[in-house]
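The values are calculated or read from the model by the stated rules, or taken from the named source; none is laboratory data. Predicted model, so just to flag it, every value in this text is computed and none were measured. Please note: Cβ atoms are built from the backbone with ideal geometry, for glycine as well, and neighbour counts cover all protein chains shown. Surface areas here come from the heavy atoms of the whole protein model, side chains and all, with no ligands, DNA or RNA. Shrake-Rupley method; radii C 1.70, N 1.55, O 1.52, S 1.80 Å.
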Amino acid sequence: MGLSFEETVQHSPVFKTAVQRAENEITGQETRLNRLLSLLVKREEQTRQILETSRLVNLEFEQLMVTSTTPLKDTLKKYTSALQHWEESKERHNEQIRMVLIDPLVDFMQTDFKKLELRKQQYHTAVKEHLICSTEYAECKKEEVTRLHASSTTLFNANYNMTRLAARYVLQLKTFSSKRDIFLTSQLSELLTTYLTHHQLGSNIALEVESQRDTFTETLVETKKGLEATTGELKEELRVVVTRAERAQTMKLLNLQLYDLHMNEEATKTAAKLNEYTNIEEIAPSSPPDQIHGYLWVGEKSAVFGHSWYRSWCRVKDGMLVLQNADKGEQRINLKLCQVKSDAYNINRAFCFTLFSPVRPLVLQAQSSQDRETWIMIMHKAIANAISKARHPVLYS
């Protein structure tokens with residue numbers, strides 16, 4: 001499944017789409033396994049009815065032999081005894097199918113799928129809680145320093161929780177298909193064993209299937225080892241990515257406390273926590289210096305209600321500002337035609353700046369003053385580059 005731990009940390013629309021696609025695949029697998037289970041139960045019931053009919057047939061043969069006085073009586077008795085043993089073998093075989101396939105499949109559906117569903121619910125609950133915390137934080141007024149600090153701490157914790165649950169959920173999604181394949185291979189291998197026991201008369205076929213079963217067993221062992229190795233690598237990658245993201249979030253919180261809220265005592269505690277991440281290797285920025293992406297609150301002026309606000313995934317790239325919101329869709333703004341102002345007139349929200357475009361002005365709200373200055377700097381660079389390209393197209397061709 002095309003899920004990236006890096007996208008997990010950013011929780012971008014790409015990640016959300018990948019999670020939705022993975023969840024749809026898991027739902028499809030669950031539907032198919034439920035259909036398989038239903039067919040197996042139906043087959044078991046039909047086989048039980050056939051065996052009951054066969055038992056009645058054998059009983060009638062035995063009743064016929066009671067009155068027989070011919071020399072064939074003993075022979076008929078041996079034949080009916082053989083038929084009875086064969087039907088008993090079929091009955092045992094039918095019971096074995098339930099033990100090696102139906103019951104384990106029921107257990108797999110009730111445990112592994114439910115664990116995945118529980119992790120899914122925890123993750124989506126964390127996403128909702130994070131959005132609520134983000135909304136409360138964004139709505140804090142500039143002068144409400146105490147509320148702003150409390151909301152920032154709550155948002156920070158909610159982001160921690162969401163990131164960790166998302167990462168664990170992604171880990172389960174990444175390994176679920178392998179677990180399912182190992183389970184099915186293991187149970188089918190046991191099922192083949194029951195068939196081999198049941199069909200001892202077909203020795204040549206039994207030997208051929210036995211060799212295949214040995215191959216299945218070898219592949220099963222190798223796959224288990226491969227899954228263990230892959231899981232170890234994924235866990236290590238997960239640990240590094242999540243820890244790096246936690247450090248970045250802690251740094252943002254520290255800057256907020258120092259430069260925006262001026263809470264030195266709290267900043268000291270946060271700085272101490274930041275020291276826990278000193279062993280994590282630094283990585284280069286994932287975006288070029290003239291590009292940026294992340295969530296901003298967008299305020300659009302309304303003639304009746306003042307400004308209406310919505311949270312949008314924003315990115316600056318190739319001289320364009322792209323805004324993505326589930327309700328409003330995608331908006332693209334050519335920055336070459338815009339101006340950026342580092343404040344917002346008559347807006348009682350922290351860390352806002354204004355983008356003036358030919359269509360309408362937009363008020364954008366960042367998470368901190370440092371975050372706001374970064375967005376403004378990148379937009380200024382993008383505007384300058386776009387204007388330079390328009391004036392000297394030959395140099396950029």
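Estimated at 0.36 nm per residue, the fully extended path between E62 and V359 surpasses their Cα-Cα distance by 97.4 nm.
For the set S12, S186, the ranking by accessible area, highest first and with no ligand, DNA or RNA atoms included, is S186, S12 under a 1.4 Å probe. Which of the lysines could be linked to K301 by a straight reach, that is with a Cα gap under 27 Å, when you skip same-chain ones fewer than 8 residues away? Output for K301: K128, K141, K142, K317, K328, K336, K341, K381.
Rounded to the nearest 0.05, the FRET efficiency derived from the C-beta distance between K142 and S178 at R0 = 51 Å is 0.50. For the set K301, K115, K224, K120, the ranking by accessible area, highest first and with no ligand, DNA or RNA atoms included, is K301, K115, K224, K120 under a 1.4 Å probe.
Note on L39: accessible area is roughly 110 Å² with a 1.4 Å probe, heavy atoms of protein only.
The figure for T153 is an accessible area of roughly 50 square angstrom, using a 1.4 Å probe on the protein chains alone. Residue separation of D103 and K389 scaled by 0.36 nm, minus their Cα-Cα distance, works out to 96.2 nm of gained length.
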